[in-house]
Amino acid sequence: MAWYSETTTAKKKSKKDLWVKCKKCHSHIYKSEWEENLNVCPNCNYHGSITSYERINLLFDKNTFEELFNNISPIDSLKFNDLKGSYKDKYEATIKKTGISEAVVTGRGKINGIPAIVAVMDFRFLGGSLGSGTGEKILQAANYAYDNNLPYIVFSASGGARMQEGILSLMQMAKTCAGVARLNKKNIPYISVLINPTTGGVSASYAMVGDLNISEPGALIAFAGRRVIEQTIGEKLPDDFQTSEYLREHGFIDSIVNRKDMKDYLSNVLSFYNR
């Protein structure tokens with residue numbers, strides 16, 4: 001009996017290691033093929049999630065990225081607790097699990113030889129929620145771009161404001177918008193890239209105010225949830241509502257770019273600004 005149990009466990013583990021199931025078309029794809037294709041489904045072009053550091057490695061030239069402001073981490077100003085424990089315990093466990101200090105990684109590097117500042121949000125960190133530390137890192141990166149006359153690119157992936165910080169979280173919406181708006185004084189480009197998902201207070205602030213707003217295919221981009229809107233207006237919404245394709249069609253974003261093309265697309269845009 002013990003021999004049979006061990007074999008079943010081994011089979012389950014090997015199957016999980018071999019295959020990835022696409023969340024959109026439900027195809028089973030070899031894990032090695034999935035990873036070689038940058039976590040994008042080769043059958044339906046569904047763009048799966050990647051970590052902040054994986055995205056940074058895809059974006060920047062080799063050995064050019066330097067992380068900035070990684071000393072900034074969350075602070076439990078409100079001493080928030082719920083039935084599942086304290087906010088402090090949650091973010092400390094998340095820091096240990098993800099290896100990042102906040103829901104965004106900030107730094108500088110070169111994209112096909114062009115220097116730029118970047119802030120890359122990571123949904124693994126408390127749902128990519130916008131906390132005071134997140135907002136501070138995004139602001140400091142904007143200030144760094146301003147002081148050094150460098151283009152600023154933000155990749156957003158968030159469930160919205162971080163409820164455990166209350167009004168301190170909501171304040172980050174205005175704070176980050178003020179930081180990126182100051183770049184206009186020097187005609188420094190600010191490019192916003194919206195990743196699946198970009199919702200709530202992030203979509204209502206710095207994510208939608210770029211000089212250029214772009215997205216990956218099929219990304220969920222919204223403020224309130226679909227069900228909430230349908231219940232409020234009493235109508236059924238289109239199937240593609242709140243997708244990047246729907247937003248491009250209605251003028252909210254400028255372009256949809258596949259993950260494999262993102263680096264070249266951004267370097268082409270930045271070369272235009274550098275003329």
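Figures for the structure shown
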{"item": "Candidates Pro238, Pro217, Pro189, filtered to the one that is within 24 Å of Lys137 (Cα to Cα) and not hydrophobic (A, V, I, L, M, F, W, C)", "result": "Pro189"}
{"item": "Test for Gly131: is it more than 15 Å from Leu68 (Cβ to Cβ) and over 17 Å from the mean Cα position of the chain (by Cα)", "result": "no"}
{"item": "Residue check, Ile188 at pLDDT below 95 and among the hydrophobic types (A, V, I, L, M, F, W, C)", "result": "no"}
{"item": "Filter result (over 18 Å from Gly107 (Cβ atoms), surrounded by fewer than 23 Cβ atoms within 10 Å (Cβ to Cβ) and touching a residue at least 40 places away in the same chain (Cβ under 8 Å)) within the range 125-141", "result": "Ser132"}
{"item": "Unique residue being closer than 16 Å to Phe123 by Cβ, surrounded by fewer than 19 Cβ atoms within 10 Å (Cβ to Cβ) and touching a helix residue (DSSP H, G or I) at 6+ places or on another chain (Cβ under 7 Å) when the list is Gly218, Gly160, Gly201", "result": "Gly218"}
{"item": "Test set (1) closer than 22 Å to Thr94 by Cα; (2) β-branched (Val, Ile, Thr); (3) out of contact with any Phe, Trp or Tyr (no Cβ under 7 Å at 6 or more places or on another chain) - Ile153 fails condition number", "result": "(1)"}
{"item": "Residue satisfying condition, being more than 22 Å from Leu59 (Cα to Cα), in contact with a strand residue (DSSP E or B) (Cβ under 8 Å, 6 or more places away or on another chain) and among the charged types (D, E, K, R), within set Glu235, Glu245, Glu216", "result": "Glu245"}
{"item": "Residues that are of a type in the set (A, V, I, L, M, F, W, C), modelled with pLDDT of 95 or more, surrounded by fewer than 16 Cβ atoms within 10 Å (Cβ to Cβ) and touching a Ser or Thr at 6+ places or on another chain (Cβ under 9 Å), drawn from the range 35-79", "result": "Cys44"}
{"item": "The range 145-163, residues that are over 20 Å from the mean Cα position of the chain (by Cα) and in contact (Cβ under 8 Å) with a residue 12 or more places away in the chain", "result": "Tyr146, Asn148, Asn149, Leu150"}
{"item": "Ser156 closer than 18 Å to Ile214 by Cβ and at pLDDT 95 or above", "result": "yes"}
{"item": "Residue in the range 123-137 that is in a strand (DSSP E or B), within 23 Å of Asp211 (Cβ to Cβ) and among the small types (Gly, Ala, Ser) present", "result": "no"}
{"item": "Residue identified as of a type in the set (Ser, Thr, Tyr), assigned by TED's automatic domain parsing to the domain that holds Phe60, under 12 Å from Ile153 (Cα atoms) and at pLDDT 95 or above among Thr106, Thr134, Thr98, Thr94", "result": "Thr106"}
{"item": "Pair list, Cβ under 9 Å, 6 or more apart: the range 230-242 residue closer than 29 Å to Ile256 by Cα and in a helix (DSSP H, G or I), other residue among the charged types (D, E, K, R) and at pLDDT below 95", "result": "Glu230/Lys236"}
{"item": "Matching residues, the range 183-217, being touching a residue at least 40 places away in the same chain (Cβ under 8 Å) and in a helix (DSSP H, G or I)", "result": "Leu183, Lys186, Gly200, Gly201, Val202, Ser203, Tyr206, Ala207, Met208"}
{"item": "From the options Ser77, Ser101, Ser73, residue that is outside any strand (DSSP E or B), within 16 Å of the chain's Cα centre (by Cα) and of a type in the set (S, T, N, Q)", "result": "Ser101"}
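The values are calculated or read from the model by the stated rules, or taken from the named source; none is laboratory data. What you see is a predicted model, and the numbers here were worked out from it, not measured in a lab. Backbone-built Cβ (ideal geometry, glycine too); neighbour counts: all protein chains shown.
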